[in-house]
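Data block below; observations after.
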Amino acid sequence: MNFDTANQILKENMALPDAKFGQNFLCDDIITNRIVELAGLKNGDNVLEIGPGIGAITRPISNLDVNLKCVEIDRRLVDILRDSDIDAEIISADYLKLRDCGAEKIDVVVSNLPYYIMTDIMKKIFSECTNSRTLVFMVEQAALERILAIPETKQYGPLSVLCSLYGDVKKEFVVPFSAFIPMPHTTSCVISLRRTSGRIDSGFEGFVEKCFMMRRKRLMKNLADYDRTEVLEAFSKLDIDINCRAEELKPEQFLSLYELLNNLVLND
Ligand code: SAM
């Protein structure tokens, strides 16, 4: 979708971009084609797009031989998409409140993320799209620091742990401001995440969140819901210091701890 087409659709439908929904619509075919290419779609894939907007990424994906589901919060845009010739299922909903959209069957997720809820959307995808193989997101450049953060740094947190355990995370390219209507206030870039790990249990996201709940406190304290003896045993098995804080643990240690405390064996 180029600038003129995007502008025309918005004007014809009197749909001014709404900042409260983080609306910065893509209007550059080169960028949207690169995003679709990065998704590496195969025939028959189940694809989820969060926040399709007026269809800049939706349309080229729907032209492929895939099953595309889109979730859009803005009713005006839902109507525009449903009235268009785009071949996709358009779900009118707040993605964060959506239950059961067949997430376990999703192979690939693509989204020019609404930045105001970027982290929450990503966490929900990690906990629900447990069989996905590729995620392609447009994110704020500033968020990349949290996504790629390593242990013992200020930016390290649940999002870094979840991204790292998903697989290879790559910053693909920076997107020029001119590729959006309206232009965003911050620099945006496209990232890809390709799964290298096995399936991660849907409860894991909540567990990591719990571990970081009180960041400055000892991890032991954040795990007060668990039996103390079992936590101590697990720490000892994994060689985790009793006084350590969550930010000192490597992503793999969170996973091993989760498995031990919940009697699970993942990723075998
Ligand atoms: N994909 C389009 C594009 O690239 O041009 C639009 C991207 S725009 C940055 C973010 C989109 O997410 C908007 O269409 C917005 O209405 C939608 N959105 C915002 N919050 C949402 C939510 N909670 N659930 C579903 N969609 C949401």
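The values are calculated or read from the model by the stated rules, or taken from the named source; none is laboratory data. All of these numbers come straight from a predicted model, not from anything done at the bench. Cβ coordinates were reconstructed from backbone atoms using ideal geometry, including for glycine residues, and neighbour counts include every protein chain displayed. Protein only, heavy atoms only, side chains kept; ligands, DNA and RNA dropped before computing areas. Shrake-Rupley method; radii C 1.70, N 1.55, O 1.52, S 1.80 Å.
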Cross-link table K105/K154; K20/K105; K154/K210; K20/K210, entries beyond 27 Å C-alpha to C-alpha: K105/K154; K20/K105; K20/K210
Report the Cα centroid-to-centroid distance between the range 92-128 and the range 166-186 in angstrom, as an integer. 18
Using θ = phi - 60° and the Karplus curve 6.51 cos²θ - 1.76 cosθ + 1.60, what whole-Hz ³J(HN,Hα) does each residue of the range 102-113 get, with Gly and Pro shown as x? x, 4, 5, 8, 6, 8, 9, 10, 10, 7, 7, 5
At q = 0.08, 0.12, 0.15, 0.17 Å⁻¹, what base-10 log of I(q)/I(0) does the Debye formula yield for the chain when every alpha carbon is treated as an equal point scatterer in vacuo? -0.35, -0.74, -1.06, -1.28
For the range 85-183, the accessible surface attributable to carbon and sulfur atoms (probe 1.4 angstrom, ligands and nucleic acids excluded) amounts in percent to 51
Averaged per residue, the 1.4 Å probe accessible area of the range 196-268, protein heavy atoms only, in Å², is roughly 57
Sites matching GluC sites (Glu not before Pro) across the range 132-191 that sit in DSSP coil, with at most 16 neighbouring C-beta atoms within 10 Å: E152
Probe 1.4 Å, all protein chains present, accessible-area order of M183, M1, largest first: M183, M1
Where labels lie 7 Å past Cα in the beta-carbon direction, separation of D29 and S84 in nm: 1.4
Helix 29-39 axis, angle to the chain major axis (alpha carbon atoms, nearest 10°): 40
If the elastic network links every pair of Cα atoms under 10 Å, which of L68, L162, L238 fluctuates the most in the Gaussian network model of the chain? L238
Extension gain (nm, one decimal) between K42 and S202, 0.36 nm per residue minus Cα-Cα: 55.1 nm
Estimated vicinal HN-Hα couplings, Hz - the range 63-69 in sequence order (Karplus 6.51, -1.76, 1.60; Gly, Pro = x): 6, 8, 8, 9, 9, 10, 10
Derived scalar couplings ³J(HN,Hα) [the range 149-161; Karplus, 6.51 cos²θ - 1.76 cosθ + 1.60; whole Hz; x for Gly, Pro]: 5, 10, x, 6, 10, 5, 7, 5, x, x, 5, 4, 5
Name the residue, out of S92, S192, S178, whose mean-square fluctuation peaks in a Gaussian network model built on the chain with Cα pairs under 10 Å. S178
